[in-house]
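First comes the structure, then the notes that go with it.
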Amino acid sequence: MKRVVGVNERGIRVGQDHQNAKLTNAEVDLLLELHDQGWGYRRLATKFEISKRTVRGYCDGSRRGQVPARWKVIERPEA
């Protein structure tokens, strides 16, 4: 099965395509929107079932701070 993923300039997956991603890009957008509306880290962490530290990382830009430089087709073995 083939899949298209976003990678940075060094060829490392970024965003929801990264193997350790906790949330989809849409969920991150929602999280940031709710934070702008005044939701606190604890409330967001509970809603998205992630740690407060992870929420802080999304909000301060230290997580998901990259956008894909290009797209790459990967081969995924059948499960």
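The values are calculated or read from the model by the stated rules, or taken from the named source; none is laboratory data. Computed from a predicted model, the values in this text were never measured in an experiment. Here the Cβ is made from the backbone with ideal geometry for all residues, glycine too, and neighbour counts use every protein chain on show. With ligands, DNA and RNA removed, areas are computed over all heavy atoms of the protein, side chains included. Shrake-Rupley method; radii C 1.70, N 1.55, O 1.52, S 1.80 Å.
Of the options (i) 26, 19, 7; (ii) 30, 13, 12; (iii) 27, 14, 10, only one is semi-axes √(5λ) of the Cα gyration tensor in Å as computed from these coordinates, and that is (iii). Excluding same-chain residues fewer than 8 positions from Lys52, which lysines have a Cα within less than 22 Å of its Cα? Straight-distance partners of Lys52: Lys22.
Per residue, the chain reaches -10500 deg cm²/dmol at 222 nm when only DSSP H runs of four or more residues are counted, each adding -39500 (n - 2.57). Sparsely packed loop sites in segment 1-64 (the trypsin sites (Lys or Arg not before Pro) outside DSSP H, G, I, E and B with at most 10 other Cβ atoms within 10 Å) comprise Arg10. The average projected area of segment 1-47, computed from the convex hull of its Cα atoms over all directions, is 4.6 nm². Within the shell defined by Cβ-Cβ distances under 12 Å, the residues around Val4 carry a net charge of +4, with Lys and Arg each +1 and Asp and Glu each -1.
Could you give the DSSP H helices of the chain that reach 30 angstrom or more along their long axis (alpha carbon positions) and whose average Kyte-Doolittle hydropathy is no lower than 1.6?
Working: long enough: none.
Correct list, ordered by number: empty.
Projected label points at Ile74 and Lys52, each 7 Å from Cα along the beta carbon direction, are separated by 3.3 nanometres.
Carbon and sulfur atoms: what percent of the 1.4 Å accessible area of the chain do they account for?
Working: 2720 of 5860 Å².
Accessible surface attributable to carbon and sulfur in the chain totals 46 percent.
With protein chains left intact and a 1.4 Å probe, residues in the chain average 74 Å² of accessible area per residue. Using R0 = 22 Å, the C-beta based FRET efficiency linking Gln16 and Asp36 works out to 0.60. Loop-resident GluC sites (Glu not before Pro) (DSSP state other than H, G, I, E or B) in segment 27-77 with no more than 13 further Cβ atoms inside 10 Å of their Cβ: Glu49.
Segment 24-71 and segment 1-19 have Cα centres separated by 19 Å.
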